[in-house]
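Shown next, in C-alpha cells, is the structure this report addresses.
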Amino acid sequence: MIFHVEAGGEFRPVELRFATEGEVRHVRAWRKLTPSTEAAEFATLAAKRWFYYQREGATIHSLQGLRATCKRRKEAELAFLLVASAPWAKRYKSLALAYCRRTWCHHLVLDFLAVRPGLAFKKHPISGTGSGILFSLTQLADRLNMHLIWGEATASSAPFYEKVLKIRAVKDLFMIQRPMMRDIAERYFARQQRRLAKPHRTAHT
C-alpha cells in the first residue's frame, strides 16, 4: 500500500507493508530512543503482542495470507504489524507502524499507531504519516470487505483522531464504519490534489 507525505518541501511516496520478524525486532528497539515517548512505548507493546500471537501461530505476513486464513478459518483472531518505510528516507528503517488485529467477527482493530519521533528530511519535518496510515487501513478494510474499524485512543492521540476522522469528540474508543471509510478516502485524495497543486520548494532551499 502506498501513501504520500510531505518531506523536504516535496510530496513523497511511503510504502506500508506487512512486517517481517526482523522488522518487528527493529521496531521493538524504539524503546531505546531518548527521551522516552508514547510512540516508543506503543512500538514496544506492539512488538511484544506480535511475538505473543506468533507463538500462538496467529500472525499474518501478507495480504494474501490474511485473505487465505480468513477464508479457511472464519472466526480466527489474527494479528499483524504494518510498517511504513521509504527508500528516500535513508536515515530511518521505519517511519511508523500500525499494529492491528482481525477479530473473530471480521472487524479490523487498530491497537497501536505510532510515528517515529523526530522524523525529518533535509532538515524539514516529515508530515502526513499518521493520516496516511489511517487512510491505508481504510483501503485494507475495503479490500477485505470489512465493515468496521475500531481502536482505542489515548489522551494525547485523541486530537489526532478527531482531526482525521472529523469526530467531536473522540474519547477512549473510536469507530470507523463503511460510510466514514469512504469519506476518509475522498478527503485524503482531495487533500493530495491540493498539495500537489501547491508550488513546492526546490531541493536546494
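The values are calculated or read from the model by the stated rules, or taken from the named source; none is laboratory data. Everything numeric in this text was worked out from a predicted model, so none of it was measured. Glycine also receives a Cβ, built like all others from the backbone with ideal geometry; neighbour counts cover every protein chain displayed.
None of Ala96, Ala79, Ala29, Ala58 is farther than 19 Å from Leu144 by Cβ and crowded, with 17+ Cβ neighbours inside 10 Å except Ala96. Within region 27-42, the residues that satisfy the criterion of being touching a residue at least 60 places away in the same chain (Cβ under 8 Å), more than 12 Å from Leu95 (Cβ to Cβ) and either among the acidic types (Asp, Glu) or part of a helix (DSSP H, G or I) (or both) are Glu38, Ala40, Phe42. Look at region 1-12: where a residue is closer than 16 Å to Leu97 by Cβ and at pLDDT 90 or above and a partner is surrounded by fewer than 18 Cβ atoms within 10 Å (Cβ to Cβ) and small (Gly, Ala, Ser), sitting 6+ places away or on another chain with Cβ atoms under 7 Å, you get Val5/Ser127. Considering (1) out of contact with any Phe, Trp or Tyr (no Cβ under 8 Å at 6 or more places or on another chain); (2) among the aromatic types (Phe, Trp, Tyr); (3) closer than 20 Å to Val109 by Cα, the lone condition that Trp30 does not fulfil carries the number (3). In the set Glu77, Glu15, Glu56, only one residue is charged (D, E, K, R) and closer than 20 Å to Leu134 by Cα; that residue is Glu15.
Within the group Tyr92, Tyr99, which residue is of a type in the set (Ser, Thr, Tyr), in contact (Cβ under 8 Å) with a residue 12 or more places away in the chain and either touching a helix residue (DSSP H, G or I) at 6+ places or on another chain (Cβ under 8 Å) or within 20 Å of Phe174 (Cα to Cα) (or both)? Quick ask: steps written out before the conclusion?
Working: Tyr92 fails: either touching a helix residue (DSSP H, G or I) at 6+ places or on another chain (Cβ under 8 Å) or within 20 Å of Phe174 (Cα to Cα) (or both).
Within the list Tyr92, Tyr99, the selection yields Tyr99.
When the test is whether a residue is free of Cβ contacts under 8 Å to residues at least 12 places away in the same chain and in a helix (DSSP H, G or I), Ala68 passes it. Looking at this structure, is Ala79 free of Cβ contacts under 8 Å to residues at least 24 places away in the same chain and under 19 Å from Arg143 (Cβ atoms)? When the stated conditions are applied, Ala79 does not pass them. As a summary of the residue check, Phe189 satisfies the conditions (1) crowded, with 21+ Cβ neighbours inside 10 Å; (2) part of a helix (DSSP H, G or I); (3) aromatic (Phe, Trp, Tyr) except for the one numbered (1).
Residue-wise test of (1) within 30 Å of Glu75 (Cβ to Cβ); (2) part of a helix (DSSP H, G or I); (3) in contact (Cβ under 8 Å) with a residue 40 or more places away in the chain; (4) over 18 Å from the mean Cα position of the chain (by Cα).
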{"residue": "Leu113", "(1), (2), (3), (4)": "yes, no, yes, no"}
{"residue": "Ser131", "(1), (2), (3), (4)": "no, yes, yes, no"}
{"residue": "Asn145", "(1), (2), (3), (4)": "yes, no, no, yes"}
{"residue": "Trp150", "(1), (2), (3), (4)": "yes, no, yes, no"}
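For region 132-156, which positions are surrounded by 21 or more Cβ atoms within 10 Å (Cβ to Cβ) and closer than 18 Å to Pro117 by Cβ? Selection gives Gly132, Ile133.
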